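Reading through the structure tokens given below for one structure.
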2 protein chains.
Amino acid sequence: MLGTSETMKPRAQSTRRKTRIQRENRERILEAALDVFSSYGFRGATVDQIAIAAGMSKPNLLYYFSGKEDMLQGLLDRLLDIWLAPLRKFDDRGEPLTEIRNYIKRKLDMARDYPRESRLFASEILQGAPHLKELLGAEIKQLIDSKVDVIQKWMDQGKLARCNPYHLLFSIWSTTQHYADFDAQLKVLLPAERYNDSRFEDAEQYLDLLFVQGLKPENSK
Amino acid sequence: MLGTSETMKPRAQSTRRKTRIQRENRERILEAALDVFSSYGFRGATVDQIAIAAGMSKPNLLYYFSGKEDMLQGLLDRLLDIWLAPLRKFDDRGEPLTEIRNYIKRKLDMARDYPRESRLFASEILQGAPHLKELLGAEIKQLIDSKVDVIQKWMDQGKLARCNPYHLLFSIWSTTQHYADFDAQLKVLLPAERYNDSRFEDAEQYLDLLFVQGLKPENSK
DNA sequence: GATAACATTTACCAATCGGTCAAAAATACA
DNA sequence: TGTATTTTTGACCGATTGGTAAATGTTATC
């Protein structure tokens with residue numbers, strides 16, 4: 001009973017190397033948490049729900065994560081890189097309109113392949129981004145500002161219509177993420193065959209037209 | 001104790017005309033509910049929270065509304081008309097690009113003046129629109145389809161670039177509502193003075209450029 | 001196969017959830 | 001004013017919430 005090592009946190013060890021089971025179960029839990037959080041929002045989700053979705057008991061889940069917040073933070077940290085990847089690829093050496101086109105394509109692919117991630121971000125921001133503000137303000141803000149500079153440079157070189165670069169980025173985010181975040185609406189409003197068979201192709205074709213024609217340099221005032 | 005009229009629902013009378021106090025308190029409650037629902041989502045909101053926001057006790061609130069769902073449904077019913085007003089004004093007799101421009105302006109005004117309403121809709125749709133599906137499928141779908149026809153007609157007449165009319169509407173919704181729904185993100189990413197002083201003016205100027213230039217008829221393939 | 005560390009479960013909290021009830025207080029109306 | 005109706009309140013309910021304690025079962029390692 002002499003305090004050799006049992007004074008350490010009984011939770012899944014923070015310093016020591018992680019077990020195979022720990023890696024696997026943390027992964028299963030995060031996957032389940034993504035499902036539940038993106039469906040009901042953080043406050044609407046329950047730990048029991050996530051535990052069931054992960055196929056384990058609640059106390060067992062809480063052996064790996066200290067609580068609801070911990071799971072959300074774990075998710076957001078991991079998701080950030082995936083979610084920012086398309087913007088990171090935004091290259092100032094390319095042809096402006098081609099780069100924008102490619103960026104839209106990549107964002108649409110993200111909306112199609114990672115809709116839950118998109119919805120989780122959306123629901124967090126919708127509620128004031130309480131768990132995201134730090135990440136947004138630091139890492140993301142710098143990335144954005146650097147890309148804004150690139151876009152500004154293109155406009156100064158006459159390769160792109162003069163416009164507000166921030167709002168240009170916002171419009172690409174909103175139009176593309178819309179296909180993940182508002183999917184329930186699309187499903188109701190779009191003709192069934194258009195929704196099932198070609199909504200992402202149609203979206204890409206339309207957005208290509210809108211942005212490429214809309215941002216052509218000769219169109220600037 | 002003879003059953004003369006006390007077998008009626010003790011809730012706020014459904015058939016009988018409404019009292020002044022009833023009108024006022026129902027209004028206060030819906031206002032508070034809008035605040036809370038739009039901040040935390042339906043499942044994340046609590047009746048106590050709404051009661052406190054409305055300045056009354058929970059049992060008192062439940063004297064006017066039968067429960068959480070009842071408040072949400074009351075809100076959604078009332079909000080629908082406000083929210084669809086800009087689209088209703090979309091006029092097929094006008095100049096296409098001017099109509100689109102005006103529509104964008106009206107939608108931006110909505111995002112600025114009714115951000116909570118926008119967020120409530122967004123959070124409902126994000127979670128699969130469980131309470132909205134009926135309304136979406138019926139009333140809204142018809143309105144959308146009629147406006148899609150108008151846009152199609154304009155394109156057939158060569159007054160508008162050929163593109164998918166559904167996705168055209170989606171892109172207007174997403175870009176404009178973005179300024180209400182993702183406000184927390186804008187606040188972090190936009191330079192402070194740009195956010196505080198001119199985000200909606202900047203948005204309007206940018207979106208005018210994007211849509212008007214992007215949808216000019218000569219630009220169609 | 002002993003043993004120490006890891007993993008899981010059962011039983012259980014206190015707090016909060018949506019909602020009810022009956023009685024009291026305020027109001028409207030004669 | 002008296003009285004019927006409407007409005008408000010405090011006390012309370014069972015269910016669910018996030019989370020814990022302690023005992024039990026399972027693994028890896030020697």
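Cβ-Cβ contacts under 6 Å between residues 6 or more apart (or on different chains), taken from a first residue in segment A:57-72 that is closer than 18 Å to A:Arg43 by Cβ to a second residue that is aromatic (Phe, Trp, Tyr) and within 13 Å of DNA strand C (Cβ to nearest atom), are listed as A:Met71/A:Phe65.
Any residue at all in segment B:178-196 that's basic (Lys, Arg) and at pLDDT 95 or above?
yes
Out of the residues in segment B:47-62 meeting the condition of being crowded, with 16+ Cβ neighbours inside 10 Å and assigned to a helix (DSSP H, G or I), tell me which one is farthest from DNA strand C (Cβ to nearest atom). Spell out the reasoning first.
The first filter runs over segment B:47-62 and keeps only residues crowded, with 16+ Cβ neighbours inside 10 Å, leaving B:47, B:49-51, B:53-54, B:56, B:61-62.
Adding the requirement that they be assigned to a helix (DSSP H, G or I) leaves B:47, B:49-51, B:53, B:61-62.
On the way: B:Val47: 4, B:Gln49: 7, B:Ile50: 8, B:Ala51: 9, B:Ala53: 12, B:Leu61: 9, B:Leu62: 4 Å.
Among residues in segment B:47-62 that are crowded, with 16+ Cβ neighbours inside 10 Å and assigned to a helix (DSSP H, G or I), the one farthest from DNA strand C (Cβ to nearest atom) is B:Ala53.
Residues that are more than 7 Å from chain B (Cβ to nearest Cβ), of a type in the set (Ser, Thr, Tyr) and under 19 Å from the mean Cα position of the chain (by Cα): does segment A:176-187 have at least one? Among the residues of segment A:176-187, at least one is more than 7 Å from chain B (Cβ to nearest Cβ), of a type in the set (Ser, Thr, Tyr) and under 19 Å from the mean Cα position of the chain (by Cα), which makes the answer yes. Restricting attention to segment B:40-52 and to residues that are touching a residue at least 40 places away in the same chain (Cβ under 8 Å) and more than 13 Å from B:Asp70 (Cα to Cα), the residue that is nearest to the other protein chains (Cβ to nearest Cβ) turns out to be B:Arg43.
Considering (1) within 14 Å of DNA strand C (Cβ to nearest atom); (2) free of Cβ contacts under 8 Å to residues at least 24 places away in the same chain, the lone condition that B:Thr98 does not fulfil carries the number (1). Test A:Glu117 against the criterion of being out of contact with any helix residue (DSSP H, G or I) (no Cβ under 8 Å at 6 or more places or on another chain), among the acidic types (Asp, Glu) and farther than 22 Å from B:Arg199 by Cα, and give yes or no. Spelling it out, it is not the case that A:Glu117 is out of contact with any helix residue (DSSP H, G or I) (no Cβ under 8 Å at 6 or more places or on another chain), among the acidic types (Asp, Glu) and farther than 22 Å from B:Arg199 by Cα. Under the condition of being in a helix (DSSP H, G or I), at the interface with another protein chain (Cβ under 7 Å from one of its Cβ atoms) and aliphatic (A, V, I, L, M), the residues counted in segment A:98-139 number 4.
Looking at segment B:145-162, is at least one residue assigned to a helix (DSSP H, G or I) and within 7 Å of chain A (Cβ to nearest Cβ)? If you could, list the steps in order and put the result at the bottom.
Kept after step one, since they are assigned to a helix (DSSP H, G or I), are these residues of segment B:145-162: B:145-156.
Now drop any that are not within 7 Å of chain A (Cβ to nearest Cβ), which leaves none.
Checked segment B:145-162: no residue is assigned to a helix (DSSP H, G or I) and within 7 Å of chain A (Cβ to nearest Cβ).
The values are calculated or read from the model by the stated rules, or taken from the named source; none is laboratory data. These numbers come from a predicted model, not from an experiment. Cβ atoms come from the backbone with ideal geometry, glycine included; neighbour counts cover every protein chain shown.
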